[in-house]
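Read through the structure below, which is laid out as C-alpha cells, and then see the notes.
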Amino acid sequence: MAKANAKLSNVPTRIGFGWDSHAFKSGIPLLIGGVRLDYDKGLGGHSDGDVLLHAITDALLGGIAGPDIGTLFPPSDPQWKGADSVVFLQEALRRVTAAGYAIANLDSTLILNAPKIGPHAAEIRSRVAGLLGIPEDCIGLKAKTPEGLNTDNAAVAHVVVLLQKKKKKS
Ligand code: MG
C-alpha cells in the first residue's frame with residue numbers, strides 16, 4: 001500500500017470529503033466523534049455506528065484517493081461487528097501519514113434532530129483533535145436539525161479535510 005501511496009502526485013495540498021448516515025435504534029449506546037452521549041437511542045450499524053468518525057475516516061481516505069471505509073472494513077466481515085470506529089480512523093490516519101501528508105484542518109456538519117450537540121461540542125472536538133493529533137482549533141464542528149428533510153430518525157455527517165504535504169526532513 002505504501003507503494004500505491006507513493007504514486008500520489010506531489011501537490012502541496014489535497015482535499016478530502018466524507019459523508020455518512022446511520023439510523024437511530026433504541027437500547028444501544030450513542031457514539032458521536034468517539035464520545036458517548038447520554039441518550040435513549042444509539043446509531044445502528046455493523047460497527048459502533050459512529051457517524052462522525054466514519055465520515056472523517058472517508059474524508060481522510062478520499063484525500064489520498066484511497067479505498068473507502070466500506071472497502072477497507074466491509075460490513076459483511078464479522079470481525080468488524082460492533083467495532084470501535086476509532087480503529088477505522090486510525091487506519092485512515094496511518095495511510096495519510098504514509099502518503100506523506102498531515103492534516104491542516106477539518107470541518108464537519110452533523111444533521112440530526114436530537115440530541116442537541118451544542119452542550120457536547122467541546123468534548124467532541126477535543127476527542128477528535130486528540131484522535132487525529134491536531135489542535136482543537138483545527139476542528140470545525142457544526143450541528144443542524146434536519147428541517148424539511150423527514151430524517152428525524154437518522155444522523156448524518158458531512159466532513160471536509162485539508163491535507164498538507166509534510167516537509168521532507170533534511
Ligand atoms: Mg457508517
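Where a number appears in this text, it was derived from the coordinates with a stated rule and is not lab data. Quick caveat: nothing in here was measured; it's all calculated off a predicted structure. Because the Cβ atoms are built from the backbone with ideal geometry, glycine has one as well, and the counts that use them run over all protein chains shown.
Laid out as a table, the results:
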| quantity | calculated |
| --- | --- |
| Contact order relative to length of the chain, as percent, for alpha carbon pairs under 8 angstrom and 6 or more apart | 32 percent |
| Trp19 paired with Ile134, simple spin-label distance in nm, labels 7 Å along Cα-to-beta-carbon | 2.1 nm |
| Residue order, fewest to most surrounding Cβ atoms within 10 angstrom, among Ile28, Ile139 | Ile28, Ile139 |
| Antiparallel %, DSSP beta bridges [both residues in segment 16-165], to 5 | 80 percent |
| Segment Ser26-Lys165, extension gain: residue separation times 0.36 nm, minus the distance between their alpha carbons | 45.7 nm |
| Phi to ³J(HN,Hα) by Karplus 6.51 cos²θ - 1.76 cosθ + 1.60 over segment 110-115, Hz, x for Gly, Pro | 9, 10, 7, 6, 7, x |
| 5 angstrom amide H check on Asp68, placed H, neighbours 5+ away | none |
| Label-point gap, in nm, between Val86 and Asn150 - each point 7 angstrom along Cα→Cβ | 3.9 nm |
| Net charge dipole size for the chain [Lys, Arg +1 and Asp, Glu -1 on Cβ; Debye, nearest 20] | 940 debye |
| Globularity ratio of segment 16-165, using Cα Rg and 2.2 N^0.38 Å | 0.98 |
| Long-range amide H partners of Lys142 with built H, under 5 Å | Ser108, Thr109, Leu110 |
| Under Karplus coefficients 6.51, -1.76 and 1.60, residue-wise ³J(HN,Hα) of segment 25-32 in Hz, glycine/proline x | 9, 6, x, 10, x, 9, 10, 9 |
| Degrees separating the helix 121-132 axis from the principal Cα axis of the chain, which is the longest one | 30 degrees |
| For segment 16-165: lysine pairs under 18 Å (alpha-carbon distance), excluding those fewer than 8 apart on one chain | 6 |
